[in-house]
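To start, the structure under review is shown below, and the notes come after it.
The values are calculated or read from the model by the stated rules, or taken from the named source; none is laboratory data. Remember, it's a predicted structure, so these values are computed and weren't measured experimentally. Cβ: placed from backbone, ideal geometry, glycine included. Neighbour counts: every protein chain shown.
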């Protein structure tokens, strides 16, 4: 039997907060199709979402516990969570992949909220969604993105403990860089070695690992590894989203191979100072835009191609809000954020740096072990 | 610069097949929001899809090359593919995450196809999708799921070569089971050890690893590992979807710890014979339903909670079609399939077994090294 990631109290608290917000918004039910939202309210955690075959649904009523409407194959695992009302359908089904079961469940509600805004997706066939909404013609379906963002962006201490653990694992992995990476190694070997290191340090999985290397910087920050070999003078950057109990770290480190040019040293120093400038003002009441301004003031440039300088972190590699000049989201205690300045070095080269923090009533807590201003030479 | 997974000829062939099908269906354009479809036509491969923040769009016209409408952060990587027309937007954007750019691109087309059917999802906010369709009010948007399924389910020899490689890596990992797993080991250790083994054998990543263990069978086949320790008499099952160059293996193996009961031995034998029965008739012209019948005849029972007895395999852990009694999809040469019989042992226990094959003009090719009828005791 699967072991829950949290005690039942965690889910009771999440549900209570959600239902308070539902009442404030006049919502009779919430409807979800995506992994993070289903897991948030149930604790149902499985890699089986990798398979696109079967839709999974969750309904949260304005009072009472959530209702899972799921394929029969998930019934055993869902029964190990705190959820009691589990309605299953045989899937894949020749004609009705849960739509009728879902319509029966949702038709009791007058006003139904679902995420339709920024960063949301619809993880069910559009054809089935249209069939569902036709059957719910006497209900009103509205966007509940803001409600969900507000709920999820403030973490519980239990969530923060998991995030602290996986960030610690990431930091321990990076601390061994000098023994793991060396000139002559291909980027593919670097990535393989670092994945294995993170698993050895206690990560459950490494769903995200990107990076690059080059003389005086790298070209982008989202590419898979190549056969390119590390050379003296290269800057190697690795950015990892490893997981433990379904919670992510998300930070990167830069390493100079053999030696670092003055330009690289200065860029690294500037990036670390930008993080420090944002962390220095990261308090409840400040906004994402304030963090953005604090960083760009140090960097002497805007966000370039990346589009932002950090974001929320939790059950997903990136969560709302975004640290941009236009995001006026107010920081709240127990928000977990990445601070992720990037710097354009010209000639198609860039450097990035990232740390993970918790906003506290006072100075933020660093979850990643902060990097020194001086770039590590290996 | 990223190295393409295939030569340009692969993408030219995919596009030519798609455009023939588009003409046959009277479609002026195809529109995609999901990872596999974008990668299928472009070769754009990145783990950055883990981040839900930014939508990514691809438009395939009835003639000419695909058009990428993507966040600026992906421009450098997309430029390393064969795509020439790359239109970028700053993302996250305060008001317009690519919708205007997309509407300008798509409004030239009268009839636009997009996946709306079985196994599809919409990876963009529903609110933005509605804004887009409003701006495309003079176009007709229709379901192109069948067209895409037919294209993707038949693999090229280049794709099959990648699938053969990752299945070989999975087989090599499982071959070392006796040295990797032992009584007293927790399932968490088993999973960690096997992930590391697969990486060492050459996998790029292990996005999917599930399994279970128990006396005389296990309870489900989608759960994450627990602290439960392997004991003598347990059956351990591991099911892995490891990747290389973005292509998946998907098969499992059962191991008896110390010894196997007669019932377990018989169940394992039956599962392997069911795979053989399906493989024996897997030829062009037979249907998925034929494979299903061949397996249930050996098993002496239907598909139980799992809902099917195998599926397509390729860029995703599971792809269309499904091996069910109702799926009349005709097998075609170069379809890559998993054969995945399961058996209900009563008392909440089950066993599964899985192999990966290519349908050929003659006997199928096994990509996974077929398991013997006798369960391996370790």
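Odds and ends about this structure:
- Failed criterion for residue A:132 (all others in (1) under 28 Å from residue B:130 (Cβ atoms); (2) in contact with a strand residue (DSSP E or B) (Cβ under 7 Å, 6 or more places away or on another chain); (3) buried (at least 18 other Cβ atoms within 10 Å of the Cβ); (4) free of Cβ contacts under 8 Å to residues at least 60 places away in the same chain hold): (2)
- Some residue of the stretch A:1-18 being under 21 Å from residue B:50 (Cβ atoms) and within 13 Å of another protein chain (Cβ to nearest Cβ): yes
- When restricted to residues that are part of a loop (DSSP other than H, G, I, E, B) and either touching a helix residue (DSSP H, G or I) at 6+ places or on another chain (Cβ under 8 Å) or within 20 Å of residue B:320 (Cβ to Cβ) (or both), the stretch A:38-82 contains 16.
This table checks each residue for (1) in a loop (DSSP other than H, G, I, E, B); (2) under 23 Å from residue A:350 (Cβ atoms); (3) assigned by TED's automatic domain parsing to the domain that holds residue A:335.
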site: A:196; (1), (2), (3): no, no, yes
site: A:208; (1), (2), (3): no, yes, yes
site: A:213; (1), (2), (3): no, yes, yes
site: A:232; (1), (2), (3): yes, yes, yes
site: A:236; (1), (2), (3): no, yes, yes
site: A:260; (1), (2), (3): yes, yes, yes
site: A:270; (1), (2), (3): no, yes, yes
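- Filtered residues of the stretch A:94-128 (kept if at the interface with chain B (Cβ under 8 Å from one of its Cβ atoms), more than 28 Å from the chain's Cα centre (by Cα) and modelled with pLDDT of 95 or more): A:97, A:127
- Scanning the stretch A:83-116 for residues that are in contact with a strand residue (DSSP E or B) (Cβ under 8 Å, 6 or more places away or on another chain), in a loop (DSSP other than H, G, I, E, B) and surrounded by fewer than 17 Cβ atoms within 10 Å (Cβ to Cβ) turns up A:96, A:108, A:110.
- Counting the residues of the stretch B:340-378 that are assigned to a strand (DSSP E or B) and in contact with a strand residue (DSSP E or B) (Cβ under 6 Å, 6 or more places away or on another chain) gives 16.
- The one condition in (1) within 11 Å of chain A (Cβ to nearest Cβ); (2) at pLDDT 95 or above; (3) part of a loop (DSSP other than H, G, I, E, B) that residue B:332 fails to fulfil: (1)
- For residue B:180: the one exception among (1) at the interface with chain A (Cβ under 10 Å from one of its Cβ atoms); (2) free of Cβ contacts under 8 Å to residues at least 24 places away in the same chain: (1)
- Scope the stretch A:141-164; condition in a helix (DSSP H, G or I) and surrounded by 17 or more Cβ atoms within 10 Å (Cβ to Cβ); matching residues: A:145, A:147, A:148, A:149, A:151, A:152, A:153, A:159, A:160, A:162, A:163, A:164
- Among the conditions (1) surrounded by 21 or more Cβ atoms within 10 Å (Cβ to Cβ); (2) farther than 27 Å from residue B:25 by Cβ, residue B:79 misses just one, which is (1).
- Every test in (1) more than 14 Å from every other protein chain (Cβ to nearest Cβ); (2) touching a residue at least 24 places away in the same chain (Cβ under 8 Å); (3) farther than 23 Å from residue A:114 by Cβ is passed by residue B:148 save one, and that test is (1).
- Restricting attention to the stretch A:41-74, the residues that are within 16 Å of residue B:224 (Cβ to Cβ) and more than 7 Å from every other protein chain (Cβ to nearest Cβ) total 5.
- Among the residues of the stretch B:223-232, those identified as in contact with a helix residue (DSSP H, G or I) (Cβ under 9 Å, 6 or more places away or on another chain) and either more than 21 Å from residue B:338 (Cα to Cα) or surrounded by fewer than 23 Cβ atoms within 10 Å (Cβ to Cβ) (or both) are B:224, B:225, B:226, B:227, B:228, B:229, B:230.
For (1) closer than 25 Å to residue B:169 by Cα; (2) more than 9 Å from chain A (Cβ to nearest Cβ); (3) modelled with pLDDT of 95 or more, each residue gets a yes or a no:
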residue	(1), (2), (3)
B:200	yes, no, yes
B:224	yes, no, no
B:232	no, yes, yes
B:247	yes, yes, yes
B:270	no, yes, yes
B:273	yes, yes, yes
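- Of all residues in the stretch B:239-251, those satisfying the criterion of being outside any loop (DSSP other than H, G, I, E, B) and either touching a helix residue (DSSP H, G or I) at 6+ places or on another chain (Cβ under 9 Å) or without any contact (Cβ under 8 Å) to a residue 40 or more places away in the chain (or both) are B:240, B:241, B:242, B:243, B:244, B:247, B:248, B:251.
- Qualifying positions in the stretch A:174-208 - at positive phi and either surrounded by 21 or more Cβ atoms within 10 Å (Cβ to Cβ) or in contact with a helix residue (DSSP H, G or I) (Cβ under 8 Å, 6 or more places away or on another chain) (or both): A:202
- When the stretch A:22-35 is filtered for residues that are surrounded by 18 or more Cβ atoms within 10 Å (Cβ to Cβ) and either out of contact with any strand residue (DSSP E or B) (no Cβ under 7 Å at 6 or more places or on another chain) or in a helix (DSSP H, G or I) (or both), the ones remaining, listed by number, are A:22, A:34, A:35.
- Checking residue A:134 against (1) within 28 Å of residue B:187 (Cα to Cα); (2) away from chain B (no Cβ under 11 Å), the condition it does not meet: (1)
- Condition check for residue A:191 on (1) touching a residue at least 12 places away in the same chain (Cβ under 8 Å); (2) more than 23 Å from residue A:331 (Cβ to Cβ); (3) assigned to a loop (DSSP other than H, G, I, E, B): one failure, at (3).
- All conditions but one from (1) at pLDDT 95 or above; (2) closer than 19 Å to residue B:48 by Cβ apply to residue A:365; the one that does not is (2).
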